[in-house]
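Q: This structure is in structure tokens; I'll ask about it shortly.
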Amino acid sequence: MSLSSAGSLRQAGLPWSSKLPDSPENLTSQDPLRVVAFDDPPYVSVHRRPDGSVSFSGYLFQLWQIIADELDLSYQLLAIPQDSGYGSMDENGTWTGMVGELTYGRADLALTWLNGRPDRASVVDLIDAVPVERERYTFYLRRGARLVPQVTPTMLSSIFRPLHLHVWLLLLAALLVLAAALRLSSRYDGESSGPTVEDWRAREHLGWGSCLFSVFMSMVGQGWSVTPRSNSGRVVTSVTWMLGMLINISYTANLISHLAVTTVDRPISSLQEFAEQPDWLLAVEAGAGIINDWKSSDSALERGLFRRVISGEGLLRLDGTRESASRAIQPRVLAYIDLHRLTYALGSEACAVVPLLDRMPSYRSTYLAMAKGRPQLKRAINRVMLRMDQSGTLDRLKSMWLRAGRGTCQPSGGVKALAFGDMLPVLLLIPIAVFFSAVIVVLEVIWHKRCRNFATPSLPEEMS
């Protein structure tokens, strides 16, 4: 198979020129390359026949066929156990999986897709001129709301979220200033004479407490029981009503925007919560590179994940099959995986999972890997990969093998219905208001009793 005739990839580009500094003649003199792969669809699929023989298919297998044909390479393709994985270090510092096969001289090249981690790059060579794929691994779990929403300070603060803290502070200052202006205007205009002065009923009503409450009522869109008659009082009233109208419009618009944002329903929302759930399982692929990070992490939670992987307790190993993918999306399972792997295996069923964290990691490029010490071979393969990328052959291969499942779980539009969790902060205002009202009633009763005791003179002893 070549670049100019690769099945449905015909017309991918001009015929490959063999006049290279590292020509195929310099490469074919070597012993047959030992190429390893494991069953990892759609990248490599290993088919075992009843007679014990093995055949291969998949994106990376067809990619390798083109490379080998172009460079006239002889090779022996070997299938390694599926549970070997991509390659990570165990508790003794020994490399496992594909990386281990290359590091310890048991293979020359691996049909896999490894990201450029520094620890792996120190023991194997990545054919890094052109990435073969991009990956974005992170934690996923099955979508599902908590049975009982947790009442937290963050939930209560959501009532104030439509406006910034600085705006709330300015509103508080405006409330005090306008209340003082209303009180002073009613007090001093009432002492002058004229048709626009306050009458005695308005002056009696507009005390300090009433002015404060009246300004607050205007800010929340309510009317007053008494309207000032003086010009100065009416100016303060007009400014208060205008401010209240603007605040109401801004708050309502921001609140609607806040409620319209689709939030992700998660049973847990952090690794800390996962560690506190003894009946939850961790699902991870064998030899995943992140395992090395967990081993040396400063976080006790991530080191706990590494201990799970090593001990196998509370662990679900993912092997690329539909069965393991189905187990990964069950309730009470936290899976570290690329979502495309799930959608390829399960289709729309994979859309039942959501990321554990709100912030998604960036996509990372992945490459073929080979053993160190073969610089000529690496340069030659890199040149073929560059030519395949420039001619569009690589894109056609990806479209042929990797298209299934892509875009399956795109968010859909629609109207978000308010849930109980959305209304809970508002409903919590009711018991809070009742509590503070009861406290104020008790304090008022105590205060009035004390005032009556001071107002009632004690009788002389001789009259008692």
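Q: Pairs needed: first member in the stretch 253-281, closer than 18 Å to residue 335 by Cβ; second member anywhere, surrounded by 13 or more Cβ atoms within 10 Å (Cβ to Cβ) and modelled with pLDDT under 70; C-beta distance under 6 Å; at least 6 residues apart or different chains.
A: Between residues of the stretch 253-281 that are closer than 18 Å to residue 335 by Cβ and residues that are surrounded by 13 or more Cβ atoms within 10 Å (Cβ to Cβ) and modelled with pLDDT under 70, the close pairs are 265/145.
Q: I would also like to ask the following. Checking residue 100 against (1) in a strand (DSSP E or B); (2) touching a Ser or Thr at 6+ places or on another chain (Cβ under 9 Å): exactly one of these is not met. Which one?
A: (1)
Q: Kindly indicate whether residue 105 is part of a loop (DSSP other than H, G, I, E, B) and under 23 Å from residue 45 (Cα atoms). Spell out how you get there, then give the answer.
A: Working: part of a loop (DSSP other than H, G, I, E, B): yes; under 23 Å from residue 45 (Cα atoms): no.
No; evaluated as a whole, the condition is false for this residue.
Q: Still on this structure, please answer the following. Restricted to the stretch 243-279, and to residues that are among the hydroxyl-bearing types (Ser, Thr, Tyr), at pLDDT below 80 and under 30 Å from residue 178 (Cβ atoms), which residue is surrounded by the most Cβ atoms within 10 Å (Cβ to Cβ)?
A: The selected residue is 251.
Q: Tell me, please, whether a residue that is under 18 Å from the mean Cα position of the chain (by Cα), closer than 18 Å to residue 286 by Cβ and touching a residue at least 60 places away in the same chain (Cβ under 8 Å) can be found in the stretch 317-324.
A: no
Q: What strands (runs of 3 or more DSSP E), lying completely within the stretch 260-372, carry at least 2 residues that are closer than 27 Å to residue 97 by Cα and of a type in the set (S, T, N, Q)?
A: By residue number, 364-370.
Q: Closer than 24 Å to residue 360 by Cβ, within 20 Å of the chain's Cα centre (by Cα), surrounded by fewer than 16 Cβ atoms within 10 Å (Cβ to Cβ) and charged (D, E, K, R): is that true of residue 332 in this structure? Walk me through it before giving the result.
A: Working: closer than 24 Å to residue 360 by Cβ: yes; within 20 Å of the chain's Cα centre (by Cα): yes; surrounded by fewer than 16 Cβ atoms within 10 Å (Cβ to Cβ): yes; charged (D, E, K, R): yes.
Yes: the conditions hold for residue 332.
Q: Would you check if there is a residue in the stretch 291-300 being in contact with a strand residue (DSSP E or B) (Cβ under 6 Å, 6 or more places away or on another chain), in contact (Cβ under 8 Å) with a residue 12 or more places away in the chain and either closer than 22 Å to residue 135 by Cα or not hydroxyl-bearing (Ser, Thr, Tyr) (or both)?
A: Among the residues of the stretch 291-300, at least one is in contact with a strand residue (DSSP E or B) (Cβ under 6 Å, 6 or more places away or on another chain), in contact (Cβ under 8 Å) with a residue 12 or more places away in the chain and either closer than 22 Å to residue 135 by Cα or not hydroxyl-bearing (Ser, Thr, Tyr) (or both), which makes the answer yes.
Q: Which pairs have Cβ atoms under 7 Å, sit 6 or more apart or on different chains, and link a residue in the stretch 337-349 that is under 21 Å from residue 281 (Cα atoms) to one that is surrounded by fewer than 21 Cβ atoms within 10 Å (Cβ to Cβ) and of a type in the set (Val, Ile, Thr)?
A: What qualifies is 343/408.
Q: Name every residue in the stretch 63-78 that is in contact (Cβ under 8 Å) with a residue 40 or more places away in the chain and either assigned to a helix (DSSP H, G or I) or among the aromatic types (Phe, Trp, Tyr) (or both), in order of residue number.
A: Filtering the stretch 63-78 down to residues in contact (Cβ under 8 Å) with a residue 40 or more places away in the chain leaves 63-67, 69-78.
Matches in the stretch 63-78: 63, 64, 65, 66, 67, 69, 70, 71, 75.
Q: Then there's this: I'd like the residue in the stretch 26-48 that is hydroxyl-bearing (Ser, Thr, Tyr) and assigned to a loop (DSSP other than H, G, I, E, B) and, out of all such residues, is modelled with the lowest pLDDT. I'd like the intermediate steps shown before the answer.
A: Residues of the stretch 26-48 hydroxyl-bearing (Ser, Thr, Tyr): 28-29, 43, 45.
Going one step further and asking which of them are assigned to a loop (DSSP other than H, G, I, E, B), we end up with 29, 43.
Numbers: 29: 51, 43: 94.
Ranking the candidates gives 29 first.
Conditions tested, residue by residue: (1) within 30 Å of residue 113 (Cβ to Cβ); (2) assigned to a helix (DSSP H, G or I); (3) at pLDDT below 75.
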{"site": "130", "(1), (2), (3)": "yes, no, no"}
{"site": "138", "(1), (2), (3)": "yes, no, no"}
{"site": "146", "(1), (2), (3)": "no, no, yes"}
{"site": "166", "(1), (2), (3)": "no, yes, no"}
{"site": "170", "(1), (2), (3)": "no, yes, no"}
{"site": "177", "(1), (2), (3)": "no, yes, no"}
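Q: In the stretch 102-127, which residue that is acidic (Asp, Glu) and in contact with a Leu (Cβ under 9 Å, 6 or more places away or on another chain) is nearest to residue 379 (Cα to Cα)?
A: So, considering only residues that are acidic (Asp, Glu) and in contact with a Leu (Cβ under 9 Å, 6 or more places away or on another chain), the one nearest to residue 379 (Cα to Cα) is 125.
Q: Within the stretch 52-80, restricting attention to residues that are small (Gly, Ala, Ser) and either over 14 Å from residue 383 (Cα atoms) or assigned by TED's automatic domain parsing to the domain that holds residue 344 (or both), which residue is surrounded by the most Cβ atoms within 10 Å (Cβ to Cβ)?
A: Let us first name the residues in the stretch 52-80 that are small (Gly, Ala, Ser), namely 52-53, 55, 57-58, 68, 74, 79.
Remaining after also requiring either over 14 Å from residue 383 (Cα atoms) or assigned by TED's automatic domain parsing to the domain that holds residue 344 (or both): 52-53, 55, 57-58, 74, 79.
Details: 52: 6, 53: 8, 55: 12, 57: 13, 58: 20, 74: 11, 79: 16.
Among those residues, the one meeting the criterion is 58.
Q: Now for a different question. I'd like to know if the stretch 150-159 contains one or more residues that are at pLDDT below 95, of a type in the set (Val, Ile, Thr) and either surrounded by 15 or more Cβ atoms within 10 Å (Cβ to Cβ) or assigned to a helix (DSSP H, G or I) (or both).
A: Yes, there is a match, as at least one residue in the stretch 150-159 is at pLDDT below 95, of a type in the set (Val, Ile, Thr) and either surrounded by 15 or more Cβ atoms within 10 Å (Cβ to Cβ) or assigned to a helix (DSSP H, G or I) (or both).
Q: With the condition kept exactly as written, say whether any residue in the stretch 447-462 is modelled with pLDDT under 90, surrounded by fewer than 10 Cβ atoms within 10 Å (Cβ to Cβ), of a type in the set (Asp, Glu) and part of a helix (DSSP H, G or I).
A: Within the stretch 447-462, one or more residues are modelled with pLDDT under 90, surrounded by fewer than 10 Cβ atoms within 10 Å (Cβ to Cβ), of a type in the set (Asp, Glu) and part of a helix (DSSP H, G or I).
The values are calculated or read from the model by the stated rules, or taken from the named source; none is laboratory data. Keep in mind that what you see is a predicted model, and the values were worked out from it rather than measured. Virtual Cβ from ideal backbone geometry, glycine too; neighbours counted across all protein chains shown.
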